[in-house]
1. Over all directions, what mean area does the Cα convex hull of region 34-145 project, stated in square nanometres?
2. To the nearest 10 square angstrom, what accessible area does Lys117 show with a 1.4 Å probe?
3. Could you work out the Rg to Rh ratio of region 58-117, with Rh taken as the Kirkwood radius (inverse of the mean 1/r over all Cα pairs)?
4. About the Cα centre, and with charges only on the beta carbon of Lys, Arg (+1) and Asp, Glu (-1), how big is the dipole of region 113-225? Nearest 20 debye, please.
5. Can you tell me the 0 to 90 degree angle between the C-alpha axis of helix 88-103 and the longest principal axis of the chain, rounded to 10?
6. On C-alpha positions alone, give me the angle between the axis of helix 49-61 and the longest principal axis of the chain, in degrees, nearest 10.
7. Run down the lysines and flag those whose C-alpha is under 26 Å from the C-alpha of Lys93, throwing out any fewer than 8 positions away in its chain.
8. For helix 34-43, report the angle its Cα long axis makes with the longest principal axis of the Cα atoms of the chain; keep it between 0 and 90° and round to the nearest 10°.
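The values are calculated or read from the model by the stated rules, or taken from the named source; none is laboratory data. Since the model is a prediction, treat every value here as computed from it, not as a measurement. Positions of Cβ are generated from backbone atoms using ideal geometry, with glycine treated the same way; all protein chains shown enter the neighbour counts. Side chains included, ligands, DNA and RNA excluded: accessible areas come from the protein's heavy atoms. Shrake-Rupley method; radii C 1.70, N 1.55, O 1.52, S 1.80 Å.
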Amino acid sequence: MKTTNETAVLFIEEIRILIRNHYGPLFWWPGDSPDEIAIGAILTQNTAWQNVEKALNNMKKKKLLSFPAILEYDTVILAEAIRPSGYFNQKAKKLKILAKKVCQNDGKTITDFLKGKSTAAARKQLIETWGIGPETADSILLYADNRRIFVVDAYTKRIFSRHGISAPDTDYETIREMVENAIPPDSSDYNEFHAGIVHLGKDFCHRKNPDCGTCPLGRLLRQSG
Ligand code: SF4
């Protein structure tokens, strides 16, 4: 089904409200500090959150959960601590590279690094960092620094394409802009909407055999025939 931009805008807002009504406030992202959120955004690449939690706990026990500590410690020790998150050698390298950027000019935290930069400039610098793509950069900006930016993930693409809002191969930036045009520019709305999409994807919109019969968005499919 092909929708016009205007219809898509209304549809995205309707989806957001249905998801919010179903789950209520989700208070994402889990993490005790902006640094823990930024580190978790890298560790969660290509793995389930339970594995990230184990890696973060190991980092906490070894007092590695800060950018100065990541920079100081040996990459092998860091990689061993984050082993549960998978791709641990690569992720250790990514954390080291980000830590080097964060700690330049006497910075210590991701907040120091982002301070004083426009969202566009901060995003560009994050995306230019090896191992950080748009989804990770936007997760850091939205959840660690309350920037007004929407995070697109695989669940967003799946749900939007199944509801005719976008095609399965619509690119990241197009979907992000569609959502940012559709819902009010408030980071708490973007925060909650992305969290709700992740929950909906896990609970109902499985890759195979989506559970449309009990899904809060099921009636939208029935309405469209
Ligand atoms: S499970 Fe069905 S109704 Fe729910 S989001 Fe996926 S496609 Fe839509």
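1. 5.9 nm²
2. 50 Å²
3. Expressed as Rg/Rh, it is 1.00.
4. On the way: 15 positive and 15 negative charges, 40 e Å.
So the magnitude is around 200 debye.
5. 80 degrees
6. 20 degrees
7. Lys54, Lys60, Lys61, Lys62, Lys63, Lys101, Lys108, Lys115, Lys117, Lys124
8. Orientation of helix 34-43: about 80 degrees from the principal axis.
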